[in-house]
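Let me begin by presenting the structure, written as structure tokens, before commenting on it.
Bear in mind these aren't lab numbers, they're just calculated from the coordinates by the rules spelled out. As the structure is a prediction and not an experimental result, all values here were calculated from the model. Glycine gets a Cβ as well: all are built from the backbone with ideal geometry, and neighbour counts include every protein chain shown.
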Amino acid sequence: MHLMRSAMRLVMAMAVLATGQAVAQEVKVGGIFDLTGITSDVGKPYAQGVRDYVALTNSKGGVNGKKIKLIDVDYGYKIPEAVSAYKRMKEEQVVLINGWGTGDTLALKNFINEDKIPYFSGSFAGDLTDPAKTPYNFFVAPSYSDQIRAWLSWVKEDWKDKTRAPKVALFYGDNAYGKAPMAAGRAFAKENGIEISDEEILPPGFQDANSQLLNMKQKGADYAYINVTTTGVSLVLKGAKALGLTTKWGSNPYGFSEQLPLVAKETAEGVTGVMPHVPYGTAVPGMKALEDFHKANHPTDNHDAMYVRGWASATVWVEALKRADKAGKLNGEGVKAALETLKDFDLGGLTSPVTWTSTDHRPSTTTAVFMVKDGKLVKVKDYTFPRKAEWLGL
Amino acid sequence: MRCGDFRETYAEDMALFETAFARRMMFLFLAALLALPWFATGFWLDIALRILIAVIAAVGLNILTGFTGQISLGNAAFLAVGAYTTAILAGRYHVPFPIAIPAAGVVTALVGMVFGVPSLRLKGLYLAVATLAAHFVIEFGISHWESMTGGVNGISIPSPRAGPLVVANDKQLYYLALPVTASLLLFARNLFRTKVGKAFVAIRDQDISSEVMGVNVFRYKLLAFAVSSFYVGVAGSLLAYQARIISPENFPITVAIDQLGMIIIGGLGSILGSVFGAVFITLLPELLRLVTTALADSFPALTTLFASVKMGVFGLAIVLFLIFEPDGMAARWHTIKNYWKLYPFSY
Amino acid sequence: MEFFLQLVISGLVIGSIYALVGLGFVIIYKSSSILNFAQGEFLMLGAYVCVAIVGTHKVPFLAAFAITLAFSALLGVLMERLLLRPMIGEPVISVIMLTLGLSSVLKAVVQGFWGTDTRPFPEIFPTTPVMVGPLPVSQGYLYSVASVVVLLALFSVFFKYSRAGIAMRATAFSQQVALSMGISVKQIFALAWSIAAVVSAVGGVLLGGIRGGVDGAFALFGLKVIPVVILGGLDSVLGAIVGGLVMGVLENLSGGYLDPLMGGGVKEVAPFIALVAILSIKPYGLFGKVKIERV
């Protein structure tokens, strides 16, 4: 009897120890991804990138010996779903969340600030870069606003007819993501002698853009920027071809990747796009880790720039988790502080180096414009903008 | 235990609770509900709140569809009207919640009456289609009246306030929602013991006959729309307070379909059924989620499949209920109760 | 003026797809008085099945198309046998809910099997547009207009001269009378559902060919077509076709003229506003039969 009791005590002690240790050895991170919603075409590879980098980190010992537990959900690009997923994650006491869309990230910003949980978004909305308003929001890329500025700068250089200003049309989705960079784009166009001749709104899940394209045709546009995801961009391009339009098309980074020529076929030819992250397989030092992981784990999969984007985002926050852990402050505030110590943090060329300070959450201001040539993405030029104070949070 | 129907007076026939035992059970159940926040984790409390909200909305819909026979696919839009009324009143004009919640109900009732006017001429399928149109028109209005509603980006709602009283968290909100739900349920139950309620039922069973019998069909149809929309508006108001940020995405057409599913599965024309249905339809995806999260470690593909599994199970539940238990859970409940009433001497 | 014409022409071609889906609605309603809210899912399923057959089994397109149609016919019969028959005599709301439940299940099946990505469709129409008056129109739309015309002719003949067609009309007129005349109402219902599923699948394949890909948004056509059939009258084949074309044009005109003023979204909601107007002026549509209710 006595033996039995002590044996039980031992088992219980071990169980307590084991669970106690398991808790101590784990860092919980939330993932709010779009795997089935209207942006799932680009949301899935992004989520895959984040998951793979977490798996790689865990296989190499995690965050200073602590394993990362990624609790991820599919929110279907629905704001209410994201809010309820966030509530569940808060209860799980995650130290950080890697989210996705603009609308949901903006919807969550007040919760995030209250709960002090650093939040990485797939959205690069300029609104999220001012720490005075959104101290816990981060993303790894130049903002959407800098991206549209880069593309407009390309338009200005590409426009040869000096007798009149180039006419640019803006196509965007009827959601926060679609509208995010438009104010910045309009202002930048005005300053640089570019005429915004037309703006067309694309409803969610639209199936054809005929009436929008006809409208644009009537108002005339030499160039047009499309701010929806790849599937939508390809619909617009195909519609434009069917109507015989000669407008030169450009796309935001979520509509432009290796996938675009595959989906839009020949209509993608000559289309320009903003690429804050390099295409998969580009010869940069940072790509080796991705390719090794790819060969070891899923050699038959195809990857694109969206995958690189998810990977890069996770790379940055894993680094911050490590720094926060070393400082002994592995909690929301600690991770935020660690993120704000990053200065020219090098991602091996996957995207431009990242710098955050407590007064400026613009990770970088350098972005590349690419063009589709013979079905391949070819870099046209890099554009860098000064960190103007008045552009913060725009 | 009783073993049969022994009603000797009309009062007994009309009583809310058939026996003292039933009344005692109800009080016990209420006590359990009151104690719930002290045991439930935040996750379950969140679900409990959503169930209360769903119950109010489902009862509202059942008053219109189950009791009065007017099919409505516009419930998501009416829910949105209630929620946005609250958001605008509380967010922009700092109206305290004891006014904002009933105001949301009243505004929704008015909107519901406007869209109920076609019910004078339209019946069955045609009315369903008209309310479907109402859904899209209201949705368009909300997402385009940006100065008021915040458009597609949504609108934030502050915590419910009344003077110094602040309902700061889900737990406190639960204690606000529970009495509201309980009193609305009691009202609905009593409604069908009155002349108005009987008129509703008469219209459902045969509108032309009831008109011949002296029921002012148009007036009562409008009244049904008003009462039903009031309920839905109150539900919307609570939903807004709980969500703290709402956008048109909170109210897609699938919400209306979910609510129709609740009253179909629960039982058309049954208050108890609305409650059962609301609980079932709200819990179903959450239980599925628990299962998929538990299995997600071994089957990562489940995270992606969850959305379709949820949709499929919902559809399947409705189809199976319609085929095998068209009278809903309420009917099944009565069957079970009657079985035990006579146990073990049932014939 | 050119702008106007362009909008009208591209509205007509989109409208022809609406007309196809509308036809399916009408055939089911005509025989069994059921408004099938899962019609859009039939369209989506048809397109997916066709893609799957072509893609995985390397079947030539025309053969795959034929298999798809056979599959759809079978699906229609199965739906009627398994789901709709138990619903005879149930209230309207139950039947509506059944088709709504069915639409969830079908959507879930498609999403579960094929995911949510846009799946590329085999190129069945040449991509070079054809000039119709001032407007270049993609050839796929011309095929869809042509198939609408063919189907209209086919169904007119079918309902007028064939035994099955006449039996369907009789069933629509009165099920009891039809039964006493020796018509198997059950068989008529099954026939109606399989015809509806086949017509929708044709629409789905055409649409897939025009879009060059198929995704879950195809199911939305089921809702979009409701204003079409209400305008035309729920029990009129001609009405579905006229309604489809009118709604296509209305959508495009409101998209062209009102969207820029209102900030988008008018194109989507205009048919529903029209629907409310139709219901309050002419509840049984342009060509629908007015029902007289007796106690």
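Taking 8 Å as the Cα distance limit and 6 or more residues as the minimum spacing, I'd like the relative contact order of the range A:51-203 as a percentage.
Values: 182 pairs, mean separation 25.2, N = 153.
Across the range A:51-203, relative contact order equals 16 percent.
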**Cα→Cβ-extended label distance, 7 Å offset, between B:TRP340 and A:ASN297, nm** = 5.1 nm
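How many partner chain Cβ atoms sit within 10 Å of a residue's Cβ in peptide C:13-21, on average, as a whole number?
On the way: counts 2, 4, 0, 0, 1, 0, 0, 0, 0.
Mean shielding by partner chains, rounded to a whole number: 1.
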**Asked** If you plug each phi of the range A:352-357 into the Karplus form 6.51 cos²θ - 1.76 cosθ + 1.60 with θ = phi - 60°, what whole-Hz ³J(HN,Hα) values come out, in order, with x for Gly and Pro?
**Response** 5, x, 10, 9, 10, 10
**Projected label distance in nm at C:PHE173 and B:LEU186, using a 7 Å step from Cα toward the beta-carbon** = 5.9 nm
**Prompt:** In the protein assembly as shown, what percentage of the DSSP-assigned beta bridges are antiparallel, given to the nearest 5?
**Reply:** 45 percent
**Complete:** Counting sequence-distant residues (5 or more places) and residues on other chains, those with an amide H built under 5 Å from that of A:VAL380 are A:VAL369, A:PHE370, A:MET371
**Nonlocal Lys pairs with alpha-carbon distance under 20 Å, chain C (8 or more apart, or different chains)** = 11
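In terms of the ratio Rg/(2.2 N^0.38 Å) built on C-alpha atoms, what value belongs to chain C?
Working: Rg = 19.0 Å, N = 295, 2.2 N^0.38 = 19.1 Å.
Scaled against compact globular proteins, the figure is 1.00.
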**Prompt:** Loop-only check: which trypsin sites (Lys or Arg not before Pro) in the range A:347-389 are DSSP coil with at most 10 other Cβ within 10 angstrom?
**Reply:** A:LYS388
**Request:** Report, by chain and number, residues whose modeled amide H sits under 5 Å from the one on A:GLU199, excluding near sequence neighbours (fewer than 5 apart, same chain).
**Result:** A:LEU170
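How would C:LYS224, C:LYS186, B:LYS221, A:LYS67 line up from fewest to most surrounding beta-carbon atoms within 10 angstrom? Intermediate results must be reported in sequence, preceding the final value.
Details: C:LYS224 22, C:LYS186 13, B:LYS221 25, A:LYS67 17.
Ascending Cβ contact count within 10 Å gives the list C:LYS186, A:LYS67, C:LYS224, B:LYS221.
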**Request:** Please go through the range B:7-56 and write out the GluC sites (Glu not before Pro) that DSSP classes as loop and that have at most 15 other C-beta atoms within 10 Å.
**Result:** B:GLU8, B:GLU18
**Asked** Counting DSSP beta bridges in chain A, what percent are antiparallel, to the nearest 5?
**Response** 35 percent
**Asked** Among rounded, prolate and oblate, which fits the range B:205-347 when a ≥ b ≥ c are the square roots of the eigenvalues of its C-alpha gyration tensor, a/c under 1.5 means rounded, and a/b larger than b/c means prolate?
**Response** oblate
**Request:** Enumerate the lysines that A:LYS66 could reach by cross-link, defined here as Cα to Cα under 16 Å, with residues fewer than 8 away along the same chain left out.
**Result:** A:LYS28, A:LYS322, A:LYS326, A:LYS329
**Request:** Just check the range A:64-168 against the gyration tensor rule for me: Cα atoms, a ≥ b ≥ c as the square roots of the eigenvalues, rounded for a/c under 1.5, and otherwise prolate or oblate depending on whether a/b exceeds b/c.
**Result:** prolate
**Prompt:** Taking H as built 1.01 Å from N, whose amide H comes closer than 5 Å to the amide H of C:SER33, not counting residues under 5 places away?
**Reply:** none
**Prompt:** Based on the mean of other beta carbon atoms within 10 Å per residue, what is the order of C:216-222, A:60-66, A:34-40, B:63-69, most packed first?
**Reply:** B:63-69, A:34-40, C:216-222, A:60-66
**Prompt:** Residue by residue, what Karplus-based ³J(HN,Hα) values in Hz, rounded to whole numbers, does the range A:179-189 have, using 6.51, -1.76 and 1.60 with θ = phi - 60° and x for Gly and Pro?
**Reply:** 8, 3, x, 5, 4, 4, x, 4, 5, 5, 4
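Counting only DSSP beta bridges with both residues in the range A:234-386, tell me the antiparallel percent, nearest 5.
Details: 15 of 17 bridges.
Antiparallel bridges make up about 90 percent of those DSSP assigns within the range A:234-386.
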**Request:** Would you mind computing, in nm to one decimal, how far apart the modelled labels at B:TRP145 and B:LYS195 are, each placed 7 Å from Cα along Cα→Cβ?
**Result:** 3.6 nm
**Request:** Using only the alpha carbons of chain A, determine the length spanned along each of the three principal axes and report them from longest to shortest in whole angstroms.
**Result:** 97, 45, 40
**Prompt:** Of chain A, which part is the longest with no GluC sites (Glu not before Pro) in a loop (DSSP not H, G, I, E, B) and with at most 16 other C-beta atoms within 10 angstrom?
**Reply:** A:93-268
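Neighbour counts of other C-beta atoms within 10 Å: give me A:TRP391, A:TRP151 arranged from fewest to most.
Working: A:TRP391 21, A:TRP151 25.
Result, fewest neighbours first: A:TRP391, A:TRP151.
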**Message:** List the aspartates and glutamates whose Cα sits under 13 Å from the Cα of A:LYS238, skipping any in the same chain fewer than 8 residues away.
**Reply:** A:ASP208, A:GLU266, A:GLU269
**Request:** Place the peptides C:70-77, C:159-166, B:299-306 in order of packing, highest mean first, counting for every residue the other Cβ atoms within 10 Å and averaging per peptide.
**Result:** C:70-77, B:299-306, C:159-166
**Fill in**
Semi-axes of the range C:149-295 from the Cα gyration tensor (sqrt of 5 times each eigenvalue, largest first, whole Å) come to 32, 21, 12
**Derived scalar couplings ³J(HN,Hα) [the range A:317-330; Karplus, 6.51 cos²θ - 1.76 cosθ + 1.60; whole Hz; x for Gly, Pro]** = 6, 5, 4, 5, 4, 4, 5, 5, 5, 4, 6, x, 10, 8
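What is the order of A:THR341, B:THR19, fewest Cβ neighbours within 10 Å to most?
On the way: A:THR341 16, B:THR19 12.
The most exposed by this proxy come first: B:THR19, A:THR341.
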**Item:** Reachable aspartates and glutamates from B:LYS221, criterion Cα separation under 16 angstrom, eight or more residues apart if same chain
**Value:** B:ASP205, B:ASP207, B:GLU211
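Could you tell me which trypsin sites (Lys or Arg not before Pro) in the range A:299-345 are loop residues by DSSP with no more than 12 other beta carbons within 10 angstrom of their beta carbon? Each step should come with its number before you reach the end.
Values: sites: A:ARG309, A:LYS322, A:ARG323, A:LYS326, A:LYS329, A:LYS336, A:LYS343; in loops: A:LYS329, A:LYS343.
Hits after loop and neighbour filter: A:LYS343.
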**All-pairs alpha carbon distance profile, the protein assembly as shown, 10 Å steps from 0, percent** = 2, 10, 19, 23, 21, 15, 7, 3, 1, 0, 0
**Request:** When a/c is below 1.5 the answer is rounded, else prolate if a/b is larger than b/c, else oblate, so apply that to chain B with a ≥ b ≥ c taken from the square roots of the Cα gyration tensor eigenvalues.
**Result:** rounded
